Amino acid sequence: MDNSSGVGVIDKAVLVLDALESGPTTLAQLVTATGLARPTVHRLAVALVHHRLVGRDVQGRFVLGSRLVELAAAAGEDRLTAAAGPVLIALRDATGESAQLYRRQGDRRVCVASAERPIGLRDTIPVGTQLSMRAGSAAQVLLAWEDHDRLVEGLQGARFTPTVLAGVRRRGWAQSLAEREPGVGSVSAPVRAPSGRVIGAVSISGPIERLTRQPGRLHADVVVRSARQLSDALRSAADGAAGATESDPVAADRLSADGLTAAASPRRDRA
């Protein structure tokens with residue numbers, strides 16, 4: 001049943017895009033998430049695919065499209081990566097290990113920001129590197145809070161188990177030891193959108209000989225704090241943009257970006 005009476009086409013398209021934020025989605029899942037009629041969802045999704053605002057993965061599921069990344073880059077409005085720089089630098093300095101920010105993109109996770117350990121043995125992951133969603137603490141974090149169907153699907157062929165992901169949800173952080181690469185360990189924590197949805201993972205990674213067999217015991221607290229800084233910065237930016245829209249719509253985007261920078265600046269895995 002279509003519950004969208006009175007909702008415009010653009011509003012319906014946004015519902016589809018919002019539903020895709022958490023990852024690959026089937027047509028049936030889109031219908032459930034949006035509350036729109038199946039023919040309406042299919043028509044909108046196909047049109048969005050045509051304009052590259054939505055794409056399809058190898059299994060035919062709908063995913064956010066490459067055009068969105070291009071538009072965000074052109075406008076300089078990727079709030080998460082804009083805030084990540086100083087937070088990751090502070091995390092690297094606090095732990096002495098390389099720090100990264102990952103986002104999920106289809107069946108992969110992508111490093112969208114990093115702060116490398118300057119000297120000594122380190123785990124180097126350039127921005128843009130695509131890694132598996134089947135191994136590593138960042139993959140655990142990006143999967144742990146998914147809905148049941150995506151969780152079951154994501155566990156197929158994974159190096160971690162449902163019990164491991166249950167522990168991640170309970171603790172609020174993940175650790176890995178040589179899951180994806182021998183000799184490398186990592187610790188990760190979730191970054192959440194203002195809605196509460198997990199949209200990224202902050203990580204540190206390095207050699208197990210330095211991180212020990214229990215890297216979470218050493219570094220979980222500071223990794224979690226860093227992830228919360230980014231979550232708080234996103235929330236502050238969203239609140240600032242909402243307030244600006246009411247009084248001065250033209251200033252909304254500017255205030256959003258400025259507020260995010262101010263929120264992130266004071267505080268100073270490849271596994």
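The values are calculated or read from the model by the stated rules, or taken from the named source; none is laboratory data. It should be emphasised that the depicted structure is a prediction, and the values quoted were computed from it without experimental measurement. When we count neighbours, we look across all protein chains shown, and the Cβ atoms used for this are built from the backbone with ideal geometry, even at glycine. SASA here: full protein model, heavy atoms, side chains in, ligands and nucleic acids out. Shrake-Rupley method; radii C 1.70, N 1.55, O 1.52, S 1.80 Å.
Details
- When only Cα pairs below 8 angstrom with a gap of at least 6 residues are kept, region 127-224 shows a relative contact order of 26 percent.
- Residue among 187, 207, 227 farthest towards the positive dipole end of region 152-230, charges placed on Cβ: 227
- Relative contact order of region 107-182: 28 percent, from C-alpha pairs under 8 Å at least 6 residues apart in sequence.
- Report note on the peptides 29-36, 203-210: ranked by the mean count of other C-beta atoms within 10 Å, highest first, their order is 203-210, 29-36.
- Extended-chain gain in nm, criterion 0.36 nm per residue less alpha-carbon gap, residue 195 and residue 217: 5.0 nm
- Sulfur and carbon atoms: percent of accessible area, region 39-193 [1.4 Å]: 56
- Chain lengthening between residue 68 and residue 38 when straightened (0.36 nm per residue, less Cα-Cα): 8.4 nm
- Solvent-accessible surface of region 119-204, averaged per residue with a 1.4 angstrom probe and all protein chains in place: 42 square angstrom.
- Area accessible to solvent at residue 66, 1.4 Å probe radius, in Å²: 60
- Cβ-Cβ FRET estimate between residue 27 and residue 232, R0 fixed at 41 Å, reported to 0.05: 0.70
- For region 130-200, the Cβ-based charge dipole about the Cα centre amounts to some 220 debye (Lys, Arg positive; Asp, Glu negative; other atoms uncharged).
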